[in-house]
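What follows is a set of notes on a single structure, which appears directly below.
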Amino acid sequence: MNNTAVTLVIQHHIIGGAQADYEAWLKQIIPAAMGFDGHLGVNVIRPVAGSDRYTVVLRFDSHEHVDQWITSDTRKRLIAQVQPLLAKEEQRDLTTGLEYWFTPEDAPQKKAKPYKQFLVTLSAIYPLTVIVPWLLAPVIHGVPLLAYPLLAYPLLAKLLVALVIVGLMTYVIMPRYTKLIASWLFR
């Protein structure tokens, strides 16, 4: 397996009246997952009115690290604790790279066509490649501790720009952008 970032999406359907107990359980399992090697973050999508589904999105830096978490004794013990609260077995889905951006949360079986993924990604990344370096230039030139290494080593400056762009794409832009254009993207 390669070492690209991996997103683990877990869905739990909670029995009626068990949400408070499930929320308490989340307060145990989230810090436990955060302590594992390669953990990059977690988001919990709580049920909307009339739903019983929690979606937990965990990000790890590699398949190896997500496998260590999934097969860990810690997770097995915590999953055994939550079983009585679940209306049905948990659903798990692993995705890598850009694939997560293009999987709608309400219909995981739908996939965007590759040409649409290309157009959407290009339309989001191109403006960022123009704006982010422009916004970072005053920081790079104005902070002496940053100026020398980043100006002396241009690849380091480009890495900083790439980190900001990928972070914005993953956590800010694509989740909102794909919702905005979902009717076209998944058609």
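Peptide packing: for 138-150, 168-180, the average count of neighbouring Cβ atoms within 10 Å per residue gives the ranking 168-180, 138-150, highest mean first.
For the chain, the number of Lys pairs with C-alpha atoms closer than 26 Å, counting only pairs eight or more positions apart or on separate chains, is 9. You can think of it this way: the chain between GLU64 and GLU90 has 7.3 nm of extra reach, that is 0.36 nm per residue less the Cα-Cα gap. Here are labelled values, (i) 23.0; (ii) 16.6; (iii) 18.9, and one is the computed Kirkwood radius over Cα pairs in Å for what I pasted. Which one? So the structure-derived entry is (iii). Dipole size of the chain about its Cα centre, with +1 on Lys/Arg Cβ and -1 on Asp/Glu Cβ: approximately 560 debye, rounded to the nearest 20.
Working note: 222 nm ellipticity from helices only, DSSP H runs with n ≥ 4, each -39,500 (n - 2.57), summed and divided by the residues of the chain, gives -16500 deg cm²/dmol to the nearest 500.
Under 5 Å between amide hydrogens, built in the peptide plane, is the criterion, and for ALA5 it picks out GLY97 among residues at least 5 positions away or on other chains.
Each value in this text was obtained by applying a stated rule to the coordinates, not by laboratory testing. What you see is a predicted model, and the numbers here were worked out from it, not measured in a lab. No Cβ is skipped: glycine too gets one built from the backbone with ideal geometry, and neighbour counts run over all protein chains shown.
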